[in-house]
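Presented below is the structure to which this report refers.
The values are calculated or read from the model by the stated rules, or taken from the named source; none is laboratory data. The model shown is predicted, which means the values in this text are computed figures rather than measured ones. Virtual Cβ from ideal backbone geometry, glycine too; neighbours counted across all protein chains shown.
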Amino acid sequence: MGLQHLELTGFRAFEQAIFEPDPSGTTVLIGPNGTGKTSLLEAVGYLGLGRSLRGSPREAMIRNGAETAIIRASLASDERDLLIEAALVREGRNRIQINRQAVRTRRDLAEAVPVTTFCPDDLVVVQGGPAGRRDLLDDALSLLDPQAGALLEEVDKILRQRNALLKSANGRLTPDIEATLDVWDDRFTRAGDRLIERRQDLLATLADPIDHAYRSLSGQLVPGVAMVAYEPSAPEGLALALAGSRRDDLRRGITTIGPQRDDLLLLLEGRDARTQASQGEQRTFALALRLAVHLAARDHLGAPPLLLLDDVFSELDPDRARRLVNELPPGQALVTTASPLPPGVEPALILDVATLLESDG
């Protein structure tokens, strides 16, 4: 599936923007900082992920003075053509449609616009809190597991309902609250356990590819350098943990246990890479996680996902940049850069963002 045409209205600094990348090769976006290179990649990424690849709230993606931002994209393959439209609104719910039909699950987006992102902020995946690591894992699930998108939506919905009930209880466990909480706990346990199981299965599948990717990028030869393990917030089981945390959940008005609180343990030669690795090692680990998912998605889909590389090469030394290029399979890629490209990157198209965007931004 190749991106053919992208239109933005009221997105970030752009009043209007039109972008047509090379449909199968590498398009390099150049221009000074602040001209919108990353915003273009963010818009494309939103269509595949349903959220900002920067982790930004929707308000930040809507142009100042506008109430709505529109992203409209045309994609094509041998099998079908797709029109994908997203409306981000300041009030109410965002909307995404594929060929005029509302998107139901994250799987729908991942199937329509499979994307892999590499950006300088990926360092936060290793250094930062658990949410970034969960997002990476769940994005991979949506790409690689046909049932995962619907399951993620189900868990999110149950969690919202349970949290709303806890908040309305104001710390009191009346018989009605207790009976309703029992229902949500049962549903949350069944859906949450399935999600945790799928996450763990995916990590087991990715274990060797992550280690291989890390060694390929760092130039190390001995296997077993990089390891990833799942850290559940309820190691004793979700049903038992929810029962034990009920009093605390009621007091705090939020669910404190479950897959929304789980984390990934990242080990580098036995050290916790989140706190005991150098920044260079952490950056390489973050790249290895992305690269392993990208290659697994290529094998699963039969073609590599659309690759979004946001000024990654400026953050890498020449050796790591060359190794990353050597590991990436051919396919459609959008690359932003503020520095010279490393050897091996052969653009099919180079575009100056300042000239192709119809914008006052």
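Of note:
- Looking across the stretch 241-271, the residues that are touching a strand residue (DSSP E or B) at 6+ places or on another chain (Cβ under 7 Å) and more than 21 Å from Asp317 (Cα to Cα) come down to Asp262, Asp263, Leu264, Leu265, Leu266, Leu267.
- One residue stands out in the stretch 269-286 among those that are touching a residue at least 12 places away in the same chain (Cβ under 8 Å) and polar (S, T, N, Q): the one that is nearest to Leu123 (Cα to Cα), namely Gln282.
Okay, residues lined up against (1) farther than 16 Å from Leu159 by Cα; (2) in a loop (DSSP other than H, G, I, E, B); (3) hydrophobic (A, V, I, L, M, F, W, C); (4) not assigned by TED's automatic domain parsing to the domain that holds Pro146:
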site	(1), (2), (3), (4)
Phe188	no, no, yes, no
Leu195	no, no, yes, no
Asp208	yes, no, no, no
Pro223	yes, yes, no, no
Met227	yes, no, yes, no
Leu240	yes, no, yes, no
Arg251	yes, no, no, no
Ile254	no, yes, yes, no
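- Extreme residue, farthest from the chain's Cα centre (by Cα), among residues of the stretch 202-234 that are small (Gly, Ala, Ser) and within 25 Å of Ala148 (Cα to Cα): Ala234
- Scanning the stretch 17-32 for residues that are in contact with a Gly (Cβ under 7 Å, 6 or more places away or on another chain) and either polar (S, T, N, Q) or free of Cβ contacts under 8 Å to residues at least 12 places away in the same chain (or both) yields a count of 1.
- Residues considered: Val155, Val89. Of these, the only one that is of a type in the set (A, V, I, L, M) and surrounded by fewer than 20 Cβ atoms within 10 Å (Cβ to Cβ) is Val89.
- Sub-7 Å Cβ pairs linking a first residue in the stretch 338-356 that is in contact (Cβ under 8 Å) with a residue 40 or more places away in the chain to a second residue that is of a type in the set (D, E, K, R) and in a loop (DSSP other than H, G, I, E, B), at least 6 apart or interchain, are Ala338/Asp311; Ala348/Asp22; Leu349/Asp22, ordered by first then second residue.
- Strands (runs of 3 or more DSSP E) within the stretch 56-154 that include 3 or more residues more than 14 Å from the chain's Cα centre (by Cα): 68-76, 81-89, 95-98
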